[in-house]
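To start, the structure itself, in structure tokens.
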Amino acid sequence: MARAMLIRGGRVIDPSHDVDDVLDVLVVEGKVARVGRGIEAPEGAEVVEAGGLVVAPGFIDVHVHLREPGGEHKETIASGARAAAAGGFTAVCAMPNTDPVIDSPATVGFVRSVGQEAEAARVYPVGALSVGQKGERLTEIGELVEAGAVGVTDDGNPVMNSGLMRLALEYAHAFDIPVADHCEDLGLSGGGVMNEGLVASRLGLKGKPNASEDVHTIRDLLLAELTDGRIHLQHVSTWAGVDAIRRAKSRGIRVTAEATPHHLLLTEEAVGNYRTDAKMNPPLRTARDRDAVREGFLDGTLDVLATDHAPHHYDEKEQAFDDAPFGIVGLETALGLVHTHFVVSGEMDLRTMIERMSTAPARAFNLAGGSLGEGVVADVTVFDPNEEWEVDPGSFLSRSRNTPFTGDRLVGRPWMTIVEGRIVWQRES
Amino acid sequence: MSPAASSLGKDLVGLEDLDAGQIRSILDTAEPFKEISERKIKKVPVLRGKTIVNLFMEPSTRTRISFEFAEKRLSADTVNIAASGSSVQKGETLVDTARNLEAMKIDMVVIRHWASGAAGFLADRIPSNVINAGDGSHEHPTQALLDLLTIRDHTGRIEGLKVCIVGDILHSRVARSNIFGLLKLGAEVGVCGPRTLLPAGIGELGVTVFRRVEEAIEWADVLNVLRLQLERMKGGYVPTLREYNRVYGISTRRLEAASGETLVLHPGPMNRGVEIDSDVADGPHSVILKQVTNGVAVRMAILYLLAGGAPEQAEAAKQEGVG
């Protein structure tokens, strides 16, 4: 007998098919078999009662750091995949800046197989763009793709050599994968630990100016235009970056771009009195930048929501600001934050939120899912749009707790995460 | 062993955290402590039985010795810890260093650290009083207080005075503490230095930015001349020390071209012939050695106040000590 599941009576929102209605979703053998009204549960099918809940194509976070291999005290692939599932994500793209770097077919295979064993959210490896992420010569991108890499990037180590970036964009053509880039001109940002501006000046901290991100963003857009390559710009944090991407899109340049919850919601003021949970790269910037990132997220210039989930052990964050590492965890707060501050506040409809968290990321990295169309893999996120909850890092499934959102009251919370027709996580009632 | 309540709060991390009344009370309290250093027997029992750790994670001569004299002349028991040769060099974190000190039941920590925010970080984690002796590019409150005291000694006031800080503002904790302190006491503050060494948005702190040092000197009643660290030249912020001296150096010629009597301060150690010419440093405008003398009195006042001493009882405390 075929393995079947019926998700009954939820508000099904599938931007890819323009669906938003109270419907049933029948899943057979891990694929969406039918979406419709009054579907009978086949004999032996698992029935999920989803009345009052939102049923969406699975959320995908294309930018996470799972720290394994080399940083297992911060996160493992398994703990990260479970944290993703608990955050309503059915898939994540793991960045290659681990130790060793994911720059060979063997290491890509390692991430992929350990991810599969976790039986939580899917883990898609992203391979390094350059060998050792040293920015010198390209990795064997063809072989990485064959081993399961869904993109390449030197995230964490910006590609400073424009010639190398050009080669990557050209070479990746054959495999139709995106080249993702962390935009930062190290000559301009070198040594900076937060946004350059009044707060940094007051605290005596070295700043990274907007221009350090902008010159790199604009360079990448020009190179994508030159090569007709697919560029994916990570965690956009500046007003001029949003502006440049908007204009590039209107010129037909193939660019996708991320907005992170923290750049959508916070400014440099969050650093306050050397708060290391507000230290990330790119840094939190000014209200003008945050507002531009919001506008870009609303109008689709920044088409993908990504968390840049960057777990760090508490010992590492409990240091002087200069010494603490960059980054915050994001997987288990993203849905609540975006839902509360965009949907509940009335700025964005649910359909668009789901588009940014599922359909668009799937498209940007050519991933399965992102849709509840018949025959599509049954990765489904079920969440309660009305539940109020408080962010308590103590309850995270991630190994790390470094978030600036501790104690925030949010509305909207993951309820069940289904990958290939199997429940990989559900909230205990 | 909780410290007695002090009018300054538990710690002295920066002048940004203090109000004008608190700053004035430190300066006033320093007055009765000045004479102790003039005595033949330079010791009073103010801090008898108190244990103070001087935790210097960055090299310092002047500030460390000044604190040590202040502590010893007030009869405190002191221990000095330097980064080299200590557990810090063996990889101990600041949190662990702090907890270990605390476990040895100390009363106060004077900390100098290369990271901005380190003093506040320590203050938040231990119940002892913490005094910031300079944290990264953030604050150096005792230096600014001794600068304020020296200016007040010579001009009789701070309010309405025009004070210009000249040099590397970007990396200077002395500059930040001076800016906060001077503005709170009602002075007008200017800064002047190469644009490469001015922090972003400095004007928004309420200071006037001078492009040329001649204009700054013309405007100012007081110049506080900062040390140009040699690393800044290697970092490319200024082309050469020679050029720096030609464009920004404080010389007698420049002082004489300006009207009035300009008071010249320098927190030391000086690079003679770079940011300040010898004839200025040793000449009639300079109060540089007065600053050093005042440093001991100001630090005594701070130690006394943080130990719970009342400003108006400082004179009596010199005989009897505090709690």
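The values are calculated or read from the model by the stated rules, or taken from the named source; none is laboratory data. All of these numbers come straight from a predicted model, not from anything done at the bench. Backbone-built Cβ (ideal geometry, glycine too); neighbour counts: all protein chains shown. Ligands, DNA and RNA are stripped out before the accessible areas are found, and what is left, the full protein with its side chains, is counted by its heavy atoms. Shrake-Rupley method; radii C 1.70, N 1.55, O 1.52, S 1.80 Å.
Rounding to the nearest 20 debye, state how big the charge dipole of the range A:59-364 is about its Cα centre with +1 on each Lys and Arg Cβ and -1 on each Asp and Glu Cβ.
Details: 28 positive and 45 negative charges, 114 e Å.
Rounded to the nearest 20 debye, it is 540 debye.
Database remark: amide H of B:GLY273 closer than 5 angstrom to the amide H of B:SER278 (H placed geometrically; neighbours at sequence offset of 5 or more, or on other chains; Pro and chain starts carry no H). For a paramagnetic label modelled at 7 Å from the Cα of A:GLU117 toward its Cβ, which residues of the range A:79-98 fall within the zone defined by backbone nitrogen distances under 18 Å? Only A:79-83, A:94 fall inside the zone, counting backbone N under 18 Å. Compared with its chain on its own, the range A:317-345 contains the following residues whose accessible area drops by 10 Å² or more in the full protein assembly (probe 1.4 Å; ligands, DNA and RNA excluded): A:GLU318, A:GLN319, A:ALA320, A:ASP322, A:ASP323.
Build a GNM of chain A with springs between Cα atoms under 10 Å apart, and of A:ALA172, A:ALA94, A:ALA378 the one that fluctuates most is A:ALA172. Could you tell me whether the range A:59-364 comes out rounded, prolate or oblate from its Cα gyration tensor? Rule is a ≥ b ≥ c as square roots of the eigenvalues, rounded for a/c under 1.5, then prolate if a/b exceeds b/c, otherwise oblate. Note, shape of the range A:59-364 comes out rounded. Apply 1/(1 + (r/R0)^6) to the Cβ-Cβ distance of B:SER75 and B:ARG125, taking R0 = 41 Å, and write down the FRET efficiency to the nearest 0.05. With R0 = 41 Å, the Cβ-Cβ based efficiency is 0.90. Can you give me the Cα centroid spacing of the range A:89-114 and the range B:183-236 in angstrom? The range A:89-114 and the range B:183-236 have Cα centres separated by 50 Å. Interface between chains B and A: roughly 1400 Å² of accessible area buried, both sides summed (probe 1.4 Å, protein heavy atoms only). Principal-axis analysis of the Cα atoms of chain A puts helix A:239-250 at an angle of about 60° to the longest axis. Largest mean-square fluctuation among A:GLU72, A:GLU119, A:GLU43, in a Gaussian network model of chain A whose springs join Cα atoms under 10 Å apart, belongs to A:GLU43. Averaged over peptide A:200-211, the number of partner chain Cβ atoms lying within 10 Å of each residue's Cβ comes to 6. Based on the Kirkwood approach, the hydrodynamic radius assigned to the range B:91-141 is 10.9 Å, with every pair of different Cα atoms included.
Protein heavy-atom surface of the range A:59-364, 1.4 angstrom probe: 50% of the accessible area is carbon and sulfur, with nucleic acids and ligands not counted.
When Lys and Arg each count +1 and Asp and Glu each count -1, what net charge do the other residues less than 14 Å away from A:SER130, Cβ to Cβ, add up to? All intermediate terms of the calculation are to be shown ahead of the outcome.
Numbers: positive: A:LYS134, A:ARG137, A:ARG166; negative: A:ASP103, A:GLU136, A:GLU140, A:ASP154, A:ASP155, A:ASP181.
It works out to a net charge of -3.
Let me check against my output: what whole-number percent is the relative contact order of the range A:59-364, with C-alpha pairs under 8 Å and at least 6 apart?
Working: 683 pairs, mean separation 49.5, N = 306.
It rounds to 16 percent for the range A:59-364.
Springs between Cα atoms under 10 Å define the GNM used for chain A, and in it the highest mean-square fluctuation of A:ALA320, A:ALA118, A:ALA244 occurs at A:ALA320. Remark: accessible surface ordering of A:THR301, A:THR286 (largest first) is A:THR286, A:THR301, probe radius 1.4 Å. According to the square roots a ≥ b ≥ c of the eigenvalues of the Cα gyration tensor, what is the shape class of the range B:166-268, taking rounded for a/c under 1.5, prolate for a/b larger than b/c otherwise, and oblate for the remainder? Because a/c hits 1.5 or more and a/b fails to exceed b/c, the range B:166-268 counts as oblate.
In the range A:1-138, the convex hull through the Cα atoms has an average projected area of 10.4 nm², a quarter of its surface area. Among beta bridges identified by DSSP and lying wholly in chain B, the antiparallel ones come to about 5 percent.
Restricting to bridges with both residues inside the protein assembly as shown, how much of the DSSP beta-bridge set is antiparallel, in percent to the nearest 5? Walk me through the intermediate numbers first.
Values: 33 of 97 bridges.
Around 35 percent of the beta bridges assigned by DSSP in the protein assembly as shown are antiparallel ones.
Tally Lys/Arg at +1 and Asp/Glu at -1 over every other residue whose Cβ is under 12 Å from the Cβ of B:ALA175; what's the total? Let's see the in-between values first.
Values: positive: A:ARG202, B:ARG173, B:ARG176, B:ARG227; negative: B:GLU139, B:ASP147, B:ASP168.
Residues near B:ALA175 contribute +1 overall.
Give the calculated FRET efficiency between A:ALA368 and A:VAL131 to the nearest 0.05, with a Förster radius of 30 Å applied to their Cβ-Cβ distance. Mind showing how you got there, number by number?
Numbers: r = 29 Å, r/R0 = 0.97.
According to the calculation, E is roughly 0.55.
Dividing the summed helix terms, -39500 (n - 2.57) for each DSSP H run of n ≥ 4, by the number of residues in chain A produces a 222 nm estimate of -7500 deg cm²/dmol to the nearest 500.
Normalised by the number of residues in the range A:276-327, the mean separation of alpha-carbon contacts (under 8 Å, six or more apart) gives a relative contact order of 56 percent. The amide H of A:ASN281, built 1.01 Å from its N in the peptide plane, has A:GLY327 as neighbours under 5 Å, considering only residues 5 or more places off or on other chains. Given axes a ≥ b ≥ c from the Cα gyration tensor, I'd like to know whether the range B:103-254 is rounded (a/c under 1.5), prolate (a/b larger than b/c) or oblate. Oblate, since a/c reaches 1.5 and b/c is not below a/b. Cα convex hull, the range A:90-233: 123 Å³ per residue, rounded to a whole number.
Using a 1.4 angstrom probe on the protein heavy atoms only, line up B:THR196, A:THR340, A:THR260 by accessible area, largest first. Numbers along the way, then the final one.
Working: B:THR196 70, A:THR340 20, A:THR260 0 Å².
Ranking B:THR196, A:THR340, A:THR260 by accessible area, largest first, yields B:THR196, A:THR340, A:THR260.
Restricting the range B:65-125 to trypsin sites (Lys or Arg not before Pro) that sit in a DSSP loop and have at most 10 other Cβ atoms within 10 Å of their own Cβ leaves B:LYS90, B:LYS105. Accessible area per residue was computed with a 1.4 Å probe on protein heavy atoms; B:ASP279 scores about 90 Å². When both the range A:402-429 and the range B:118-146 are represented by their alpha-carbon centers, they are found 42 Å apart. Here the label points at A:ALA2 and B:GLU215, each 7 Å from Cα along the C-beta direction, are separated by 8.0 nm in the simple model.
Note on the range A:59-364: lysine pairs with Cα distance below 25 Å, sequence gap of 8 or more or different chains, count 11. For the range A:373-395, backbone nitrogen atoms closer than 13 Å to the point 7 Å from A:ILE423 Cα along Cα-to-C-beta are found at A:382. Scattering from the protein assembly as shown was approximated by placing one identical point on each alpha carbon and applying the Debye formula without solvent; log10 I(q)/I(0) at 0.05, 0.10, 0.11 1/Å stands at -0.32, -0.99, -1.11. Orientation-averaged projection of the range A:172-245 equals 5.2 nm² [convex hull of Cα atoms, one quarter of hull surface area]. Here each label is just a point 7 Å from Cα along the line to Cβ, and for A:VAL47 and A:ARG275 those points are 4.7 nm apart. Every helix of 4 or more DSSP H residues in chain B counts as -39500 (n - 2.57), and over all residues that averages to -11500 deg cm²/dmol at 222 nm. Measure nothing but the geometry: give the 0 to 90° angle between the long axis through the Cα atoms of B:288-306 and the longest principal axis through the Cα atoms of chain B, rounded to 10°. Its long axis makes an angle of about 30 degrees. Each Cα pair under 8 Å and six or more residues apart adds its separation to the average, and for chain B the resulting relative contact order is 23 percent.
Taking amide H positions as modeled 1.01 Å from N, with prolines and chain starts lacking one, no residue 5 or more places away or on another chain lies under 5 Å from A:PHE321.
Note on surface exposure: A:HIS17, B:HIS138 rank A:HIS17, B:HIS138 by accessible area, highest first, 1.4 Å probe. Net charge of the neighbourhood of A:ASN97, taken over other residues with C-beta under 9 Å away and scored Lys/Arg +1, Asp/Glu -1, is -3.
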